[in-house]
Amino acid sequence: MPALEPILASYRDRVTVRRSGTPTGSCVVYWMQRAQRAHDNPALDLAVDLANALRLPLVVFFGLIPYPGANLRHYAFLQQALPDTARRLAARNIAFVIQRHPQSDLAAFCSQTDAALLVGDENPLREPAHWRTVLAKKLRIPYFTVDADVVVPSRLLLKAQYAARTIRPRLQALFADYLVPCANPHAEVAFPNPPSSLDPASDLTAPWPSLDRTVPPLSTFTAGTTAALDLLHHFVTHRLATYPMLQGDPAADATSRLSPYLHFGHISPLTIALAVRNADAPDLAKEKYLDQLITWRELAINFVAFHPLYDSFECAEPWAHRSLAAHASDPRPTLYTLPQLEAADTHDHLWNAAQLQMLHLGWMHNYMRMYWAKKILEWSPSPQQAYHSALYLNDKYFLDGRDPNGYAGIAWSIAGKFDRPWFDRPIFGVIRYMSGTAAARKFDAPAYIRSMYALAHRPL
Ligand SMILES: Cc1cc2nc3c(=O)[nH]c(=O)nc-3n(C[C@H](O)[C@H](O)[C@H](O)COP(=O)(O)OP(=O)(O)OC[C@H]3O[C@@H](n4cnc5c(N)ncnc54)[C@H](O)[C@@H]3O)c2cc1C
């Protein structure tokens, strides 16, 4: 039996041993959950290394199962990427087995295939964390997980971080060790298996009556690693240099729009970070972009990992709770119901435009996401109701919804998380306010409004 410890140790702080033991069996299984890619995926790379050391084939298991809040829009995007992933896995001699709801059962699969060990990727959200715990109790084989979707392994941050300014230096101090290419990202499996069971191009959700099909799929983003790499190349070549100037302008197509691909793990943050760092662009542009991609994104992941109430108004800082409570009975001259908000049916064309972008593009510019959430606070009967409405819409319509970034973004906008107290004002208390007038001074709001109304075929 070859020693596996040196292989595990070479992945440093990314690996967690969920169940130890001696691997005996006929194959290695990698449970692909969050890192849905065959490229720059340290969880997959670890599985390849272990399979080769044990002289066993490697099978990637992908189970399509119900996820809270996910609907047809999300599953259509997820499915669209699978043929691309299957091709890329085949190029590395890796078998790809897809099981669909309700037959999907990883523990049963491991025993049917006589798995010697299981490798999984990590996801800090509540539901997948629960799946990992349950699975570790059911399994009788070694089970390792890999923190594959961050630049700096989350555990090295040790505790909850309270602001971008506290996490930034900690992350940057670790770049020399972790902002480096994967050791052997194209390594092939030496002892291949027969190929996949289900056709990755088939409609895997067809026999699934309980799936919410009311939110239609989109043609605005093409899913998968190949599409993500193309978008990255375009961004780095044509947009990165102007990112610091135009990043805050919702009317300009100046950001990378990679968030749906990061959410589904079609691309690694490391792939993006290295492409940006090596780009022919001013240092300021690289720094600004990497700050969004690494500081803000990994702050959101840290928030979710350390805060059990990450998707609840209760996550607010004490100063925010106190201030919003003190303004709970303030008159609210403008109130909208959730159906009115959902239908983009308010008096504010700028807000409606943002909501239309969400409905019809499945994505929204960062500045508009902040404005959008803050207006929901202003127009709701209570901060708790505002929180609920913002989360509901965010996770229902965004392709990148149900993500740590969304939970942190809503917490920032409505509950003051990672922000500081501002001037006291009605309804908001000391939560930072954003006005439509200020937005109009900052960018060409009429152009943004026109373009989003046109996207939705709605007359102005
Ligand atoms: C109310 C609100 C809700 C949000 N909901 C989501 C969501 O559901 N899913 C989601 O992925 N992001 C969310 N964000 C964060 C941010 O708006 C998006 O990540 C960003 O707009 C995605 O566009 P992009 O890929 O072009 O970003 P770019 O500007 O190209 O940035 C590159 C990457 O950096 C990360 N990033 C950028 N801005 C932020 C930020 N403020 N916080 C954390 N990470 C960031 C993202 O991963 C992004 O893809 C939300 C922000 C707010 C204020």
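The values are calculated or read from the model by the stated rules, or taken from the named source; none is laboratory data. Only a predicted model underlies this, so the values are computations on that prediction, with no experimental measurement involved. Cβ atoms come from the backbone with ideal geometry, glycine included; neighbour counts cover every protein chain shown. For accessibility, only protein heavy atoms count, side chains too; no ligands or nucleic acids. Shrake-Rupley method; radii C 1.70, N 1.55, O 1.52, S 1.80 Å.
A few notes on this one:
- Residue 324 being more than 15 Å from the chain's Cα centre (by Cα) and crowded, with 23+ Cβ neighbours inside 10 Å: yes
- Candidate set from the stretch 341-388 (those that are among the charged types (D, E, K, R) and open to solvent by 10 Å² or more (accessible area, probe 1.4 Å)); member that is farthest from residue 252 (Cα to Cα): 378
- Identification of helices (runs of 4 or more DSSP H) wholly contained in the stretch 231-303 with 3 or more residues that are more than 9 Å from the ligand (Cβ to nearest atom) and not assigned by TED's automatic domain parsing to the domain that holds residue 40 yields 243-246, 269-277, 283-290.
- Of 382, 389, all but one fail to be more than 8 Å from the ligand (Cβ to nearest atom), out of contact with any helix residue (DSSP H, G or I) (no Cβ under 6 Å at 6 or more places or on another chain) and of a type outside the set (Lys, Arg); the exception is 382.
- Comparison of 397, 407 shows that the only residue that is hydroxyl-bearing (Ser, Thr, Tyr), near the ligand (Cβ under 10 Å from one of its atoms) and more than 30 Å from residue 166 (Cβ to Cβ) is 397.
- Filter result (crowded, with 24+ Cβ neighbours inside 10 Å and either aromatic (Phe, Trp, Tyr) or in contact with an Asp or Glu (Cβ under 6 Å, 6 or more places away or on another chain) (or both)) within the stretch 44-67: 62
- Within the stretch 210-217, one or more residues are open to solvent by 40 Å² or more (accessible area, probe 1.4 Å) and farther than 30 Å from residue 455 by Cβ.
- Pairs where the first residue, in the stretch 24-38, is outside the structural domain of residue 93 (by TED's automatic domain parsing) and the second is not in a loop (DSSP other than H, G, I, E, B), C-beta under 6 Å, 6+ apart: none
- Among the residues making up the stretch 111-125, those that are modelled with pLDDT of 95 or more and open to solvent by 10 Å² or more (accessible area, probe 1.4 Å) are 122, 123, 124.
- Members of the stretch 12-43 found to be among the basic types (Lys, Arg), over 17 Å from the mean Cα position of the chain (by Cα) and buried (at least 16 other Cβ atoms within 10 Å of the Cβ), listed by number: 14, 18, 19
- Candidate set from the stretch 304-319 (those that are open to solvent by 30 Å² or more (accessible area, probe 1.4 Å) and under 16 Å from the mean Cα position of the chain (by Cα)); member that is nearest to the ligand (Cβ to nearest atom): 311
- Any hit, the stretch 378-391, residues being in contact (Cβ under 8 Å) with a residue 60 or more places away in the chain and touching a Lys or Arg at 6+ places or on another chain (Cβ under 8 Å): no
- Of the residues contained in the stretch 421-433, none is found to be part of a loop (DSSP other than H, G, I, E, B), within 26 Å of residue 149 (Cβ to Cβ), acidic (Asp, Glu) and open to solvent by 20 Å² or more (accessible area, probe 1.4 Å).
- Complete set of residues in the stretch 438-460 that are among the hydrophobic types (A, V, I, L, M, F, W, C), without any contact (Cβ under 8 Å) to a residue 40 or more places away in the chain and over 11 Å from residue 356 (Cα atoms): 438
- Hey, residue 105 within 25 Å of the chain's Cα centre (by Cα), free of Cβ contacts under 8 Å to residues at least 60 places away in the same chain and over 22 Å from residue 401 (Cα atoms) or not: yes
- Checking residue 268 against (1) touching a helix residue (DSSP H, G or I) at 6+ places or on another chain (Cβ under 8 Å); (2) under 28 Å from residue 84 (Cβ atoms), the condition it does not meet: (1)
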